[in-house]
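The block underneath contains the structure these notes are about, expressed in structure tokens.
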Amino acid sequence: MTNRTFLCGARLIDGVNPPQNDMVVVINDDRIMKVSSKAKAPAPRKKDTVYNLDGMALMPGMAFCHYHPAYDNVNSLQEIDLKHPPTKLTLIAAKNAELLLNCGYTMSVGAGAAHFIDVVLRDSINSGLIPGPRIMACGRDVVTTGDSVDSHPKWWGLGLQGLAKVCDGPDEFRRAVREEIANGVDIVKLYPTGGHGLPNDSEFLSMSEEEIHVAVRTAHERGAKIRGHLISQRGIKIALEAGIDVVDHGDGLDDECIELFLKSGSYLAPSLYFPSRLVSGYLSGEAPGIASMIPELEHTLENHPAKVKRAHDAGVPIVIGDDFGFGSLMPHGDYAKELAVYPDLCGVSNLEVIKWATHNGAALQGRLDELGTIAEGKLADLLVVDGDPSKDLRVLQDRNNLKMIMKGGDVVRCSMTRSEESELAGSYR
Ligand SMILES: [Zn+2]
């Protein structure tokens with residue numbers, strides 16, 4: 001029989017239910033074997049590892065569902081493509097993926113990665129070569145000629161093979177999506193509109209309705225998911241009618257879009273930290289160079305939070321994740337700062353945001369049967385938090401408060417000491 005790990009006396013935040021105090025979670029190998037009150041918990045044996053959590057919070061590992069590990073704190077679209085050779089960028093992305101895991105995110109869903117770096121990371125993490133979260137890999141940005149991402153001046157004579165796949169017309173989109181999947185991508189990224197920090201404005205629709213429909217259909221035919229940078233109401237509507245899986249940002253959504261979300265079962269990744277941080281950073285003088293982006297981001301900040309709340313109340317599943325690594329104001333490692341903007345700006349509860357960050361993230365990946373909540377039989381992706389994130393999500397911003405991070409039963413990091421055997425006499429019998 002394998003050794004078990006007992007996490008005792010926790011304030012359990014399981015990802016869906018209200019917190020429960022004084023709970024015991026038993027992990028056997030890579031799975032959660034038992035979740036119960038102290039009175040009903042099995043007794044630990046001599047060889048078992050026991051930690052007394054003393055009321056610390058125990059919650060599922062989080063899912064970061066809009067991730068760019070290969071954005072190396074870049075300041076322009078061109079830098080995403082040209083700042084580093086692919087070999088160095090891969091190493092940087094590997095360090096970022098490890099950092100994400102150390103920030104409490106045991107899962108990530110890519111939102112665009114040059115040179116198929118996400119795919120290499122996913123496979124290297126899964127084989128045990130490097131540490132990191134479970135990755136749903138994204139690939140190049142699939143865009144049309146003249147799209148915001150197609151930004152290298154033409155006289156440079158440079159292709160965009162690393163960052164993007166430029167294609168026009170339904171046939172080329174079909175081929176491009178198939179190429180992404182052939183390169184190992186799990187979720188394809190489209191850029192149907194401008195806006196939300198891009199040079200072209202939000203009403204700029206760079207893909208035809210037919211191209212969007214073909215791209216979505218092709219991804220689904222091959223068993224992949226597909227997401228889109230979607231800002232204008234028109235763009236969001238077309239993409240949802242096509243059945244896109246994730247609407248990124250979604251600044252222009254309205255009640256009609258909410259209806260379409262509910263019909264298609266699509267997820268919204270509102271990424272509200274980006275406009276919030278850029279506007280506050282600009283106003284405080286930290287980033288004077290982003291003046292041209294500010295009016296549109298201020299407009300988003302004024303309007304989007306109420307829409308996100310409305311979508312949430314209507315039942316649209318929301319996931320978290322944002323454009324960390326883009327600009328000096330959003331460095332890698334600040335990931336958990338995103339969480340608090342939703343209670344602050346949208347008026348949703350901390351527990352609802354925790355559900356977005358755990359349950360909804362696993363559901364988006366189609367892995368809710370084994371991840372996303374703390375329940376018997378699921379994989380043991382867990383966080384022990386010194387503090388109560390159900391009362392204040394800011395406790396997750398300080399990595400010192402993450403006393404244990406566990407992924408699939410493996411302890412990624414731990415700053416707690418095991419309880420001595422004598423302390424356990426008579427416990428949990
Ligand atoms: Zn992004």
Original post:
Before we move on, is R140 of a type in the set (K, R) and either surrounded by fewer than 24 Cβ atoms within 10 Å (Cβ to Cβ) or out of contact with any Lys or Arg (no Cβ under 9 Å at 6 or more places or on another chain) (or both)?
Top reply: no
Original post:
Given the structure, is I117 modelled with pLDDT of 95 or more and either surrounded by 23 or more Cβ atoms within 10 Å (Cβ to Cβ) or in the same structural domain as D410 (by TED's automatic domain parsing) (or both)?
Top reply: yes
**OP:** Considering only the range 123-173, state which residues are in a helix (DSSP H, G or I) and either more than 17 Å from I226 (Cβ to Cβ) or polar (S, T, N, Q) (or both).
**Re:** D123, S124, I125, N126, K154, W155, W156, D171
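Quick grid of which residues meet (1) among the hydroxyl-bearing types (S, T, Y); (2) under 21 Å from the mean Cα position of the chain (by Cα); (3) assigned to a loop (DSSP other than H, G, I, E, B):
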| site | (1), (2), (3) |
| --- | --- |
| S271 | yes, yes, yes |
| E286 | no, no, yes |
| P295 | no, no, no |
| E302 | no, no, no |
| A306 | no, no, no |
**OP:** Kindly indicate which of I238, I290 is of a type in the set (V, I, T), surrounded by 17 or more Cβ atoms within 10 Å (Cβ to Cβ) and more than 19 Å from Y191 (Cβ to Cβ).
**Re:** I290
Original post:
Is it fair to say G112 is more than 16 Å from the ligand (Cβ to nearest atom) and on the phi > 0 side of the Ramachandran plot?
Top reply: no
Original post:
Given V143, V120, which one is within 14 Å of the ligand (Cβ to nearest atom) and either out of contact with any helix residue (DSSP H, G or I) (no Cβ under 7 Å at 6 or more places or on another chain) or of a type outside the set (S, T, N, Q) (or both)?
Top reply: V143
Original post:
So which residues in the range 11-53 are within 21 Å of A357 (Cα to Cα) and at pLDDT below 95?
Top reply: none
Subject >> Residues (buried (at least 24 other Cβ atoms within 10 Å of the Cβ), part of a loop (DSSP other than H, G, I, E, B) and within 16 Å of the ligand (Cβ to nearest atom)) located in the range 59-76 >> reply: H68, P69, A70, Y71
Subject >> Output for the range 219-251, where each listed residue is away from the ligand (no atom under 15 Å from the Cβ), outside any strand (DSSP E or B) and touching an Asp or Glu at 6+ places or on another chain (Cβ under 7 Å) >> reply: A224, S232, Q233, K237, I238
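The values are calculated or read from the model by the stated rules, or taken from the named source; none is laboratory data. Note that the coordinates shown come from a computational prediction; the quantities given were computed from them, not determined experimentally. Backbone-built Cβ (ideal geometry, glycine too); neighbour counts: all protein chains shown.
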